[in-house]
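Beneath this line is the structure, given in structure tokens, with notes to follow.
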Amino acid sequence: GAVVSQHPSWVICKSGTSVKIECRSLDFQATTMFWYRQFPKQSLMLMATSNEGSKATYEQGVEKDKFLINHASLTLSTLTVTSAHPEDSSFYICSARSAGRSYEQYFGPGTRLTVT
Amino acid sequence: GQQLNQSPQSMFIQEGEDVSMNCTSSSIFNTWLWYKQDPGEGPVLLIALYKAGELTSNGRLTAQFGITRKDSFLNISASIPSDVGIYFCAGQLRGNKLVFGAGTILRVKS
């Protein structure tokens, strides 16, 4: 159990366009989802915390107008990278916290974004 | 902000050997978690530790939550080629945020 999916798994877009990444919890309800960013050979950096039905909480230094997060249901959160630039190219990973098991976060497989 | 010091940064060991890695922090955490990440994939939870002093096993993996709540270690016994990957420790803060260590790259010679 506790499967989290992400779509797409990889995407290439042109500079200036927007890209939406979906994160779904497949077999459990996730009251909270988290979005991370990971650069090559580095650790995961938390970008924002997404709670179902409320506004996301962004970490310091993360532009909320650039990285739009919508947590519309207990099984779906989306991250939209607006007006993407090459420096936004990265591996974006979401995680979901089960409503029933409060301490464990389950991660999606990640989305590789390349902005040309 | 909180930081986790994870060591070693990388290991290159012979198949069958035991592996040990650890994380320390200047801050107290209520929960320690250990994840493994394969290239191009998301981290997979290996072991979760909830109580200071707790020692938990998952197959060949054993992890302990330090008594001071500022450290944790992960041991892998009798390593095999599929153990290759990056291992991350993570401490959980209030609000369920995770703070990750820098990772330990494990390579296994068969």
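The values are calculated or read from the model by the stated rules, or taken from the named source; none is laboratory data. These numbers come from a predicted model, not from an experiment. Neighbour counts are summed over all protein chains in view; Cβ atoms, including those assigned to glycine, are modelled from backbone coordinates with ideal geometry.
Restricting attention to the stretch A:101-109, does a residue exist that is part of a strand (DSSP E or B), of a type outside the set (S, T, N, Q) and buried (at least 17 other Cβ atoms within 10 Å of the Cβ)?
Yes, the stretch A:101-109 contains at least one residue that is part of a strand (DSSP E or B), of a type outside the set (S, T, N, Q) and buried (at least 17 other Cβ atoms within 10 Å of the Cβ).
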> Inside the stretch A:1-91, counting only strands (runs of 3 or more DSSP E) that do not spill past its ends, which hold 2 or more residues that are in contact (Cβ under 8 Å) with a residue 24 or more places away in the chain and of a type in the set (F, W, Y)?
Replying inline: A:30-38
> Applying the selection to the stretch A:51-65, what residues are at pLDDT 90 or above, of a type in the set (S, T, N, Q) and in contact with a Ser or Thr (Cβ under 7 Å, 6 or more places away or on another chain)?
Replying inline: A:T57
> What do you reckon, is A:Q38 under 19 Å from B:F88 (Cβ atoms) and touching a Ser or Thr at 6+ places or on another chain (Cβ under 6 Å)?
Replying inline: no
> Can you name the residue in the stretch A:68-90 that is of a type in the set (A, V, I, L, M, F, W, C) and crowded, with 20+ Cβ neighbours inside 10 Å and is also farthest from the other protein chains (Cβ to nearest Cβ) among such residues?
Replying inline: A:A84
> Which of the residues that make up the stretch B:18-45 are within 11 Å of chain A (Cβ to nearest Cβ) and surrounded by fewer than 19 Cβ atoms within 10 Å (Cβ to Cβ)?
Replying inline: B:N30, B:D38, B:P39, B:G40, B:E41, B:V44, B:L45
> Counting only residues that are without any contact (Cβ under 8 Å) to a residue 60 or more places away in the chain and facing chain A (nearest Cβ under 8 Å), which one in the stretch B:67-110 is surrounded by the fewest Cβ atoms within 10 Å (Cβ to Cβ)?
Replying inline: B:G95
> Taking the stretch B:20-49 only, how many residues are in a loop (DSSP other than H, G, I, E, B) and either closer than 12 Å to B:G91 by Cβ or within 11 Å of the chain's Cα centre (by Cα) (or both)?
Replying inline: 5
